[in-house]
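Data block below; observations after.
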């Protein structure tokens, strides 16, 4: 179904972090941007579609001052808003927002870090663009910071702080089908496996809370009102967002799941885990019977690699890219 | 990232160090005086092990170690282990110390990677602890220190959730990033490839709490199962085995963290020299913060006066002295550890180096407070 293409070499290897691959497709310029985290650095590659031009850029995590130890980056993700595309980088010290090509930093938000380290680590993690003008970022305390983003310029403001989770946020996702009919706009996941479903607005509204089963949910997606969640046990669960009804349960992987992605136009689902496997599934939603069908389509094994990032490169799922711990390349696959 | 990583890193690396030293001390033909009996050599070995373990489990030292803090840089941690390795009458040359550290780190990297669940790192730690306990079983004073450490580990880690263990694991993996030194014993056992990467099998038992991949279950709105589908998982998995014990005593089940060396299996390393530029390469001098932490930690490490070299004996991690010399000369630059040489004797040069490092971090607005802090730190270093 898919075959391997030429890999893109990166300056450093990928770190073992959840959802460690950002992909942004820029059709007008026939380019795709990739972002991969290595310790305190984000490696960006801009790849032309003809495969001839590659340019690299490195972004450093912001240090408040020279004397303190380096701040590790936890995630780098592209946020697509109607008016602009941005790159959001979360780290131990705070949140940096850049123009999507990484050229200019437009905003910096510092996390409140205690003077001496506490038992519980402090960091930001979990990034999602929501609806028209919001970017939401999770924090290790369980808080979710909601930023209001103007259509241009750097006047980004912190609009709200959502305090619903009590455990560290792992991932967040917004409704990606493009449908205006969906009630739920955002889903957030935490280390306890708890999922919160939100409606965006001047004040975000909690629509539903789906309780976890004491196992971290490391990656989450929201598509046509269905939450797709990947867990440390290697299981994937599909829930109806607003009601919390369990549609399906998949014993998908033999190790901790690190990344999920959905191709919204085709309903293809991509899952990747520490077990070296990337799997492609198909989701079929039947609104009449309010049921979801899950079919397994394809496996790819990246030998001797714990995969940390996997994303479709386009909305149809025609191609996808993969990163792995200690691997200095972005592996690409295309449909045959 | 996780502020609870250092104790696990230290105990596991320490455990590996003891396995290796124990094997080398047994294997090494110590050129004994004709006057000395074989029994004296055996006693020496036990003394070395006891001295190192006593230092490792020093109460003040462990107190500092268990405080919530960020992981040290590779350079700083190497300095701590250098000190630890010399806590007895045993002496190691630079090349042997480098090799020892390579082996220790690659072994623990292997164990962290292969752990089925992040929580299993605790079982690996207990395996090391169990072995350490066995080394000192005849010495009650050290034994009680070790027992207390079990308690501290249980207290600190038992209540952590799966996600927090994964954070610890991720922090460790960042520490070990890009290390691909090839270790003979791993290559022979086919757990490491010739490119230095570890073999990750897609077969065997799944972790405790995980199901064998292959089943899709679909449900109706009422919660009834409506359909079941099977898919090929691309591997050869079996059901999970029983869970290991997280108590002070018990069967840990996993073999990761147990002693893989024996007298007949000598250990060699090959330098692959493929480590790319990673975090610790760029910001070189130890951050002021880190230097402070290091000083506090080292304060707890009592060091033997190195003066009387007759009473000490040298341990070589290579087969011959020539090999050891050769290894030192030919070690690739990118794999140099750049250890900070903090000596126990009052050394002009070391003080100058430290002063220089401290000087580089004096903040401009901060006049007398910072300079007196610097003096205090140097004074503490002098006392080591």
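The values are calculated or read from the model by the stated rules, or taken from the named source; none is laboratory data. Source: prediction; values computed, not measured. A quick note on method: Cβ atoms are made from the backbone with ideal geometry, for glycine too, and the neighbour counts reach across all protein chains shown.
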Surrounded by 21 or more Cβ atoms within 10 Å (Cβ to Cβ), more than 14 Å from chain B (Cβ to nearest Cβ) and part of a strand (DSSP E or B) - does that describe any residue in region A:199-209?
no
All but one of (1) touching a helix residue (DSSP H, G or I) at 6+ places or on another chain (Cβ under 9 Å); (2) surrounded by fewer than 19 Cβ atoms within 10 Å (Cβ to Cβ); (3) modelled with pLDDT of 95 or more hold for residue A:120; which doesn't?
(3)
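Check region A:95-110 and report whether any residue there is within 14 Å of chain B (Cβ to nearest Cβ) and closer than 30 Å to residue B:4 by Cα.
Filtering region A:95-110 down to residues within 14 Å of chain B (Cβ to nearest Cβ) leaves none.
No, region A:95-110 has no match at all.
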Which residue pairs have Cβ atoms under 8 Å apart, sit 6 or more places apart or on different chains, and have a first residue in region A:143-165 that is free of Cβ contacts under 8 Å to residues at least 12 places away in the same chain and a second that is assigned to a strand (DSSP E or B) and surrounded by fewer than 19 Cβ atoms within 10 Å (Cβ to Cβ)?
A:157/A:148
If the requirement is being in a strand (DSSP E or B) and crowded, with 17+ Cβ neighbours inside 10 Å, which of these qualifies: B:142, B:185, B:132, B:216?
B:216
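If we scan region A:177-185, do we find a residue that is in a strand (DSSP E or B) and either touching a strand residue (DSSP E or B) at 6+ places or on another chain (Cβ under 7 Å) or within 12 Å of another protein chain (Cβ to nearest Cβ) (or both)? Explain how you work it out, then say what you get.
Restricting attention to region A:177-185, the residues satisfying the condition of being in a strand (DSSP E or B) are none.
Checked region A:177-185: no residue is in a strand (DSSP E or B) and either touching a strand residue (DSSP E or B) at 6+ places or on another chain (Cβ under 7 Å) or within 12 Å of another protein chain (Cβ to nearest Cβ) (or both).
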Which one of the conditions (1) assigned to a loop (DSSP other than H, G, I, E, B); (2) without any contact (Cβ under 8 Å) to a residue 24 or more places away in the chain; (3) closer than 22 Å to residue A:299 by Cα does residue B:234 fail to meet, given that it meets all the rest?
(2)
Determine whether region B:176-196 contains at least one residue that is within 8 Å of another protein chain (Cβ to nearest Cβ) and farther than 24 Å from residue B:1 by Cα.
yes
Unmet criterion (only one of (1) buried (at least 22 other Cβ atoms within 10 Å of the Cβ); (2) more than 10 Å from chain A (Cβ to nearest Cβ); (3) under 29 Å from residue B:249 (Cβ atoms)) for residue B:117
(2)
Whether any residue in region A:305-317 is within 13 Å of chain B (Cβ to nearest Cβ), out of contact with any strand residue (DSSP E or B) (no Cβ under 7 Å at 6 or more places or on another chain), assigned to a loop (DSSP other than H, G, I, E, B) and free of Cβ contacts under 8 Å to residues at least 40 places away in the same chain is what I want to check.
no
Let me spell it out: the conditions are (1) away from chain B (no Cβ under 14 Å); (2) closer than 23 Å to residue A:42 by Cα, and residue A:150 meets all of them except one. Which number is the exception?
(2)
Residue hits (region A:279-297; under 24 Å from residue B:116 (Cα atoms) and more than 10 Å from chain B (Cβ to nearest Cβ)) are A:280
